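The numbers here are math on the coordinates, done by the rules we state, and not lab data. Values in this document were obtained by computation on a predicted structure and should not be read as measured data. When we count neighbours, we look across all protein chains shown, and the Cβ atoms used for this are built from the backbone with ideal geometry, even at glycine.
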Amino acid sequence: MLIFLKLGGSLITDKQTPGHFRPEIVRRAAQEIAEALVDRPDLRLVIGHGSGSFGHAAAQQYGTADGVHTAADWRGFAEVSNAARSLNALVMPELIAAGLPVLSLQPSASAQCHNGRLESMATAPIGAALDHGLIPVIFGDVALDSVRGGAIVSTEALFFYLVAHLHPDRIILLGDMDGVYDAAGAIIPRITPDNYVTIAAALHGSHGTDVTGGMAAKVRTMLALAERAPGLESIIGGGTAPGQLRAILNGGSSGTVISAESGTA
């Protein structure tokens, strides 16, 4: 059982306060991951995390999502990458302290985009890490772009690319919200191509700085992925309450399920 797990930027940072890390959230998540691995010895993970108030704040300051052309833009590009890496450097010790065999792999070292779309990235190191019982850790980052010069690559975009190479059984995206909400404030249990049009108007962007489009972009990406990989389900859920992550890793469907197929969530 291979799961792609994202610890969202809204979960592990305060996205409204630049550079604010939430170590207690990552510490608890790491412990619940460790417990889930005991519960399910067959479980394999690729962990991704967002850039939150680290990379997103820098990317907004320099307009990196709009392209990288001038000398000032390129300095900003480097700063965004460094900000993303600095958050990763805070996340990794918490995962290691929980006894997780994690290996950090920086996407910008190999990722290549074309007009904002991720077209290539080294997947062999990730596959090899999994084969040797390690947990690869990737994160939202920058990438060189053949049209724009440089681009932002979200964790969802990385997962989208990796699905065809690693074939996960499930994708879990955790944030500070317990799912995707409708216009009345209720959690939508399942999103499919059949009901997306009716709920699209209720989707909004992030309530903090997010240059990758917030919740609406996450839903669109995961829905496109569900249509591309029949049978693959994604879950958008919360990770702020104790036990949420462990329950989802153990097969629960708390939150919003995104699938190409209709059914009960």
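Among Gly99, Gly50, Gly237, determine the one that fluctuates most according to a GNM of the chain built with springs between C-alpha atoms less than 10 Å apart.
Highest fluctuation of the listed residues: Gly99.
Which whole-number percent gives the relative contact order of the stretch 2-258, counting Cα pairs below 8 Å spaced six or more residues apart?
Working: 507 pairs, mean separation 60.7, N = 257.
Contact order relative to length: 24 percent.
How many nm is it between the label spots at Ala124 and Leu90, if each spot is 7 Å from the Cα in line with the beta carbon?
Distance between label points: 3.5 nm.
If you take the charge dipole of the chain about its Cα centre, with +1 on Lys and Arg Cβ and -1 on Asp and Glu Cβ, which of Gly76, Ile12, Pro101 is farthest toward its positive end?
Going by the Cα projections, it comes out as Gly76.
First select every other residue whose beta carbon is under 12 angstrom from the beta carbon of Thr192; then total the charges, Lys and Arg +1, Asp and Glu -1.
Taking every other residue near Thr192 into account, the sum is -3.
For the stretch 138-192, what class follows from the C-alpha gyration tensor (a ≥ b ≥ c being the square roots of its eigenvalues): rounded when a/c is under 1.5, otherwise prolate if a/b is larger than b/c, else oblate?
Values: a/c = 2.72, a/b = 1.71, b/c = 1.59.
Prolate.
So, R0 is 35 Å and r is the distance between the beta-carbons of Leu134 and Ala201; what FRET efficiency does that work out to, to 0.05? Write out the running numbers ahead of the final one.
On the way: r = 43 Å, r/R0 = 1.22.
The value I calculate is 0.25.
By Kyte-Doolittle mean hydropathy of at least -1.0 and Cα axial length of at least 20 Å, which whole DSSP H helices of the chain are selected?
Numbers: long enough: 23-39 (24 Å, 0.02); 71-97 (40 Å, 0.39); 214-228 (21 Å, 0.35).
Qualifying helices, which must be both long enough and hydrophobic enough, are 23-39, 71-97, 214-228.
Given Cβ point charges of +1 (Lys, Arg) and -1 (Asp, Glu) and nothing else, what value in debye, to the nearest 20, does the dipole of the chain about its Cα centre take?
Numbers: 17 positive and 24 negative charges, 39 e Å.
Here the size comes out at about 180 debye.
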